[in-house]
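Q: One structure is given below, represented as structure tokens, and several questions about it will come after.
The values are calculated or read from the model by the stated rules, or taken from the named source; none is laboratory data. Treat the numbers as computed from the prediction; the structure is a model and nothing was measured. Backbone-built Cβ (ideal geometry, glycine too); neighbour counts: all protein chains shown. Each accessible area value is taken on the protein alone, full model and side chains, heavy atoms only, with ligands, DNA and RNA left out. Shrake-Rupley method; radii C 1.70, N 1.55, O 1.52, S 1.80 Å.
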Amino acid sequence: MKIKLLLVLPIAALPLSFIRAAPEPTPAAELSTAAAAATPKPDPTNDLDREIRDREAKILTLTIDEQLKLRAVQLKAAEDPAVKEAVEKRNKAVQEFRTKFREAMIKIDPSVEAVLDRITVGSNPGF
């Protein structure tokens with residue numbers, strides 16, 4: 001039983017998915033050399049990236065009981081109406097940003113619209 005708990009623990013110790021969604025990785029083999037060179041790499045000086053890495057490292061130093069307790073409290077806090085409202089506002093802001101970003105890219109180069117349409121998932125353009 002303890003072995004199963006240890007195997008499940010890293011997943012349970014992760015932050016809630018609405019805090020920060022990781023992008024799907026793109027296999028470098030499928031990219032042209034120029035596109036691969038243009039793909040942004042994680043910036044170790046980026047405060048948000050560093051903060052997330054540091055927090056995840058600190059979470060792993062907690063005891064199993066502390067990690068489980070923290071995860072349970074996170075899940076319970078996510079049910080709070082104020083938290084749900086804040087998440088909804090954040091999601092709306094992200095969607096607005098993506099729409100504006102997409103419009104700006106198409107304004108710079110209208111031919112990119114067809115490419116953006118091919119990578120659209122559902123009603124979410126992604127860019």
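Q: Tally time: how many residues in the stretch 110-127 are assigned to a helix (DSSP H, G or I) and open to solvent by less than 70 Å² (accessible area, probe 1.4 Å)?
A: Within the stretch 110-127, residues that are assigned to a helix (DSSP H, G or I) and open to solvent by less than 70 Å² (accessible area, probe 1.4 Å) number 4.
Q: Answer yes or no as to whether ALA35 is open to solvent by less than 60 Å² (accessible area, probe 1.4 Å) and at pLDDT 90 or above.
A: no
Q: Do you know which residues across the stretch 48-66 are hydrophobic (A, V, I, L, M, F, W, C) and outside any helix (DSSP H, G or I)? Before the answer, list the steps.
A: Let us first name the residues in the stretch 48-66 that are hydrophobic (A, V, I, L, M, F, W, C), namely 48, 52, 57, 59-60, 62, 64.
Of everything in the stretch 48-66, just one residue is hydrophobic (A, V, I, L, M, F, W, C) and outside any helix (DSSP H, G or I), namely LEU62.
Q: Say whether the condition of being of a type outside the set (Lys, Arg), over 16 Å from the mean Cα position of the chain (by Cα), modelled with pLDDT of 95 or more and surrounded by 10 or more Cβ atoms within 10 Å (Cβ to Cβ) is met by at least one residue in the stretch 85-94. It would help to see each step written out before you state the result.
A: Step one: of the stretch 85-94, the residues of a type outside the set (Lys, Arg) are 85-88, 91, 93-94.
Those still in the list that are over 16 Å from the mean Cα position of the chain (by Cα) too: 85-86.
Then keep just the ones that are modelled with pLDDT of 95 or more; that gives 85-86.
If we keep only those that are surrounded by 10 or more Cβ atoms within 10 Å (Cβ to Cβ) too, we end up with 85-86.
Yes: the stretch 85-94 contains one or more residues that are of a type outside the set (Lys, Arg), over 16 Å from the mean Cα position of the chain (by Cα), modelled with pLDDT of 95 or more and surrounded by 10 or more Cβ atoms within 10 Å (Cβ to Cβ).
Q: Given the condition in contact (Cβ under 8 Å) with a residue 24 or more places away in the chain, among the aliphatic types (A, V, I, L, M) and surrounded by 12 or more Cβ atoms within 10 Å (Cβ to Cβ), answer yes or no: does some residue in the stretch 102-109 qualify?
A: no
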